[in-house]
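Report on one structure; see the data block that follows.
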Amino acid sequence: MREMKNQRQLEYERSLFNADALMVSAREKADELGLLGISLSFSEASLLTLVVQLAKCRKFVEIGTLTGFSSLAILEGIESGGHLWTFEKNPVHAKIADELLQAGATAKGKSVQVVQGDAEQELKTLEDQGPFDGIFIDGNKSAYLKYLDWAEKNIKQGGLIIADNVFLQGTVWGEENKKFSTKQIEVMKEFNKRLSDPEKYLFSLVPTTEGLIVAQKRTS
Ligand SMILES: C[S@@+](CC[C@H](N)C(=O)[O-])C[C@H]1O[C@@H](n2cnc3c(N)ncnc32)[C@H](O)[C@@H]1O
């Protein structure tokens, strides 16, 4: 939970972030649900926008929409005319996000589809529209390896695989946390190990509070 971070630091980061009204609204809605702490921070969102833009992404996939804050950051970064598919299991989150995201996408000259359902089941329905330029994984942690399997098949060479929460609250380096099962911890360790393979990825592990991986599939 990002509230653990120094509040004055968060406020400082926010003061440097150029949030539009929809992004502010997405955070307010997450706050109303008591879930602001699981949304990206402003600094993490700006990094997402930057890398998506640098990689010139047009077709992007997100797992874990919540109220659409990170989706708006992705929409900001993708090329004009680009499309975002974002998966959200919880119908309340999906409904809130859809309203904000349709307005955000139209204003930015892009398009978005909020797919309400379990990404573990629904991702396969997208496959014939691939390959995709990138994916942001920020949903249920127990399925991160499944999502990586999907990304390895469906993200193009040179495309991005970005993932949040890869420290799993320190459990990946042995800190105790009863919230996570041994299986979940093993899944995350294996996920991180696979993405750090230099033969397959250009890899960076950004030491945010939660741990953020930014990886690019090698072209050769
Ligand atoms: C950490 S929050 C996402 C935060 C969001 N990316 C942001 O930064 O604003 C995780 C979201 O994933 C959703 N989720 C959990 N399991 C899922 C699944 N199997 N398929 C799709 N969404 C899922 C949750 O309902 C929750 O809204």
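Nothing in this text is a laboratory measurement; each read-out follows from the coordinates by a stated rule. Computed from a predicted model, the values in this text were never measured in an experiment. Because the Cβ atoms are built from the backbone with ideal geometry, glycine has one as well, and the counts that use them run over all protein chains shown.
Among Gly34, Ala163, Ala215, which residue has its Cα furthest toward the positive end of the charge dipole of the chain, with +1 on Lys/Arg Cβ and -1 on Asp/Glu Cβ? Farthest along the dipole direction, towards plus: Ala215. With K and R counted +1 and D and E -1, the other residues having a Cβ less than 14 Å from that of Trp173 yield a net charge of -2. In a reduced charge model with +1 at each Lys and Arg Cβ and -1 at each Asp and Glu Cβ, the stretch 45-147 shows a dipole moment near 160 debye about its Cα centre.
Within the shell defined by Cβ-Cβ distances under 12 Å, the residues around Ser196 carry a net charge of +1, with Lys and Arg each +1 and Asp and Glu each -1. Considering only Asn165, Asn90, Asn177, the Gaussian network model of the chain with Cα springs below 10 Å gives its largest mean-square fluctuation to Asn177. What is the local net charge at Gly82, summed over the other residues whose Cβ is closer than 10 Å to its Cβ (Lys, Arg +1; Asp, Glu -1)? Net local charge, Gly82 excluded: +3. Is the shape of the chain rounded, prolate or oblate, going by the alpha carbon gyration tensor and its root eigenvalues a ≥ b ≥ c, with a/c under 1.5 for rounded and a/b larger than b/c for prolate? Rounded.
Taking amide H atoms as placed 1.01 Å from N in the peptide plane, the amide H of Asn165 lies under 5 Å from those of Gly211, each 5 or more residues away in sequence or on another chain. Annotation: the antiparallel percentage among DSSP beta bridges lying fully within the stretch 2-217 is about 35. With 31 Å as the limit, the listed pairs Lys108/Lys200; Lys141/Lys200; Lys29/Lys193; Lys110/Lys153; Lys110/Lys189 have Lys108/Lys200; Lys29/Lys193; Lys110/Lys189 beyond it between alpha carbons.
If r is the Cβ-Cβ distance from Lys56 to Lys153 and R0 is 25 Å, what FRET efficiency results, to the nearest 0.05?
Approximately 0.70, to the nearest 0.05.
Rounded to the nearest 20, the size of the Cβ-charge dipole of the chain about its Cα centre is 400 debye, with Lys and Arg at +1 and Asp and Glu at -1. Free of any GluC sites (Glu not before Pro) that DSSP assigns to a loop and that have at most 14 other C-beta atoms within 10 Å, the longest stretch within the chain is 1-174.
Given their separation in residues at 0.36 nm each and the Cα-Cα distance between them, Leu33 and Glu186 gain 52.1 nm when the chain is fully extended. Considering helices alone, the calculated mean residue ellipticity of the chain at 222 nm is -12500 deg cm²/dmol, with DSSP H runs of length four and up weighted by -39500 (n - 2.57) and normalised per residue.
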